[in-house]
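Read the figures in this text as sums done on the coordinates, not as results from a lab. Just so you know, these numbers come straight off a predicted model, no measurement behind them. Neighbour counts run over all protein chains shown; Cβ positions are idealised from the backbone, glycine included.
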Amino acid sequence: MQSALYEWNDTMVALATAPGMGAIAVIRVSGKQAIAVVDELFSGKKLSEQLVRTLHIGMLMDGDKPLDEVVISLFRAPASYTGEDLVEISCHGSPFIQQQILRLIQSKGVRMAKPGEFTQRAFLNGKMDLAQAEAVADLIASNTESSRKAALHTMKGGFSKELRELREQLIQFSALIELELDFSQEDVTFADRTRLNQLIEQLQQTTSRLLDSFRLGNVIRQGVSIAIIGKPNAGKSTLLNALLNESRALVSEVAGTTRDTVEEVMNIKGILFRLIDTAGIRLDTSDAIEQMGVVKSLEKMRSANLVVYLIDVQTLTAQTLQQAEAELQAEKVKYLLVGNKIDTLTPSQQAALPTSEQLIYLSARDKTGLDALQEAIYSRTVEGDLLGEATIVTNERHVAALRQLQHALQEVAQGLETGIPGDLLALDIRSCLHHLGSITGTIAHDEQLEYIFSKFCIGK
């Protein structure tokens, strides 16, 4: 890939830790002059004479004035995160000290780094590919075990390795087919069409698997929305409070207490679930505000990943259960039925309750049956091994490229079936290679890179 970005050869600086006061702050300096600039300010050992990947304690000086006692981490190109000479200054976490050090370094001709520029240089200097670089941002933003593991798998090159192996095989066939074009007058064949067809089928299967994984990846990244629906006084707010283990929603025996939706987040097995407590669905109310709440409840129900439909067991019969299931199926939503207030029934009454595969009994007030509900919520919304080592696609840019790849592979398969000329087949294979390369950054444009890395935090 040719890019003006490769011509960057200046030196940059940024705060690598979160802004604000803390015990320690880390300031990064990267570029050709990084070691020389910090060496000029450091009163300890001569950094230019020290070994790579070493730590040095000393005073950072502003002229003759000591500024702060710091620890210098020294990295020489190419053995650094950016692939350039890189110095990390660990100073005391006072915002004043941080600003003074940044000001001092900038006074030596070093500029402030842009968002994501350290990782961008790592990509441009071949320390990682584009998919791995994007996973760095995902890892920083991860807030669950599943999102951490998915991002780390990609950052370590798991996703890229799959794509690279497939791309290399395609390149070999592409070269053989293009070689045939050079001998077109002699009617020779170098590329085994049967093997190429097998490779295209393998690529199609891998692409489909990766695209299918995005549903799971989207769950990891965005979380799962769960709408708690039911008639007034079914115990929706009590259930929300029980699941959160705190009094988040107002609870009252008065029907229609909840007028608006209340949203909170909980973590089940490393996945974030957005619980939405809704107004009770009572269509015959004359209260205008309550009517608006009912409309909003229905909207939330239709847009949720899963509906938890609460029914007071005092009103639950085989007929009301059948009616509830019919209504939910008519809305074409994924649902769980929950019979609440089981604590209000005698053992004999509980034994007489109707059963269904989608029905769980619990007591939100007594907090019994919640584990079974959480397990059912998880199994109904999450499929696959989140903690395994398989690649899970979480990036929408990757999905778009994989869909284009899927279409291009179909073109190659059809071309092989119909026996199109080698020059047209070569064009279709080049299209496949382009889409594969766009994911890892083998093929990328300056504007695309600027956009991707602009979403990173400064200092990374």
Rounded to the nearest 0.05, what FRET efficiency do L51 and A400 give with R0 = 41 Å and r taken as the Cβ-Cβ distance? Could you check? 0.35
So, over other residues within a Cβ distance under 10 Å of S73, counting Lys, Arg +1 and Asp, Glu -1, the net charge is +1
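Summing +1 for each Lys or Arg and -1 for each Asp or Glu, what net charge is found among the other residues whose Cβ lies under 10 Å from the Cβ of R274? The partial results should precede the final answer.
Values: positive: none; negative: E263, E264.
Net charge around R274: -2.
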7 Å from Cα along Cα→Cβ at both I420 and A330: what's the point-to-point distance in nm? 5.0 nm
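Could you sort 325-336, 233-244 so that the peptide with the highest average Cβ count within 10 Å comes first and the rest follow in order? Intermediate results must be reported in sequence, preceding the final value.
Values: 325-336: 13.7, 233-244: 23.5.
The most tightly packed comes first, giving 233-244, 325-336.
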What nm value, rounded to one decimal, do you get for the distance between I458 and E264 when each label is placed 7 Å out toward the C-beta? 3.7 nm
Identify the residues of the stretch 103-138 with backbone N under 11 Å of a label point that sits 7 angstrom from the Cα of E168 along the Cα-to-Cβ direction, or state none. none
Most exposed to least, judged by fewest other Cβ atoms within 10 Å, S73, S146 sort to S73, S146
Check L275: other-chain or 5+ apart residues with amide H under 5 Å from its amide H, H built from backbone geometry? I226, E264, V265, M266
Using Cα pairs under 8 angstrom and six or more residues apart, how large is the relative contact order of the stretch 64-222, in percent? 13 percent
Taking 0.36 nm per intervening residue step and subtracting the Cα-Cα distance, what contour gain separates Q410 from I140 on full extension? 93.5 nm
Rh (Kirkwood; distinct C-alpha pairs) - the stretch 4-128, Å: 14.5 Å
Taking the Cα of R302, stepping 7 Å toward and past its beta carbon, and measuring to each backbone N in the stretch 213-246: which are under 17 Å? 227-230
In whole angstrom, note down how far apart the Cα centers of the stretch 193-242 and the stretch 407-458 are. 25 Å
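Assuming a ≥ b ≥ c are the square roots of the Cα gyration tensor eigenvalues, decide whether the stretch 319-460 counts as rounded (a/c under 1.5), prolate (otherwise, with a/b larger than b/c) or oblate. Intermediate values should be presented prior to the final figure.
Details: a/c = 4.24, a/b = 2.24, b/c = 1.89.
Here the stretch 319-460 falls in the prolate category.
So which of K161/K455; K65/K455; K332/K455; K300/K367; K334/K367 end up more than 27 Å apart by C-alpha? If you can, show how the numbers build up before the last one.
On the way: K161/K455 25 Å; K65/K455 38 Å; K332/K455 37 Å; K300/K367 25 Å; K334/K367 24 Å.
In this structure, K65/K455; K332/K455 exceed 27 Å between Cα atoms.
Would you mind classifying the stretch 322-388 by shape? Square roots of the alpha carbon gyration tensor eigenvalues, ordered a ≥ b ≥ c; an a/c under 1.5 is rounded, otherwise it is prolate if a/b is larger than b/c and oblate if not. Don't jump to the answer; show the numbers that get you there.
Details: a/c = 2.62, a/b = 1.33, b/c = 1.97.
Taking the square roots of the gyration eigenvalues as a ≥ b ≥ c, the stretch 322-388 is oblate.
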Chain lengthening between E375 and S107 when straightened (0.36 nm per residue, less Cα-Cα): 90.7 nm
Based on the mean of other Cβ atoms within 10 Å per residue, sort peptides 121-133, 40-52 so the most packed one is first. 121-133, 40-52
Residue by residue, what Karplus-based ³J(HN,Hα) values in Hz, rounded to whole numbers, does the stretch 112-120 have, using 6.51, -1.76 and 1.60 with θ = phi - 60° and x for Gly and Pro? 6, 6, 8, x, x, 6, 5, 5, 4
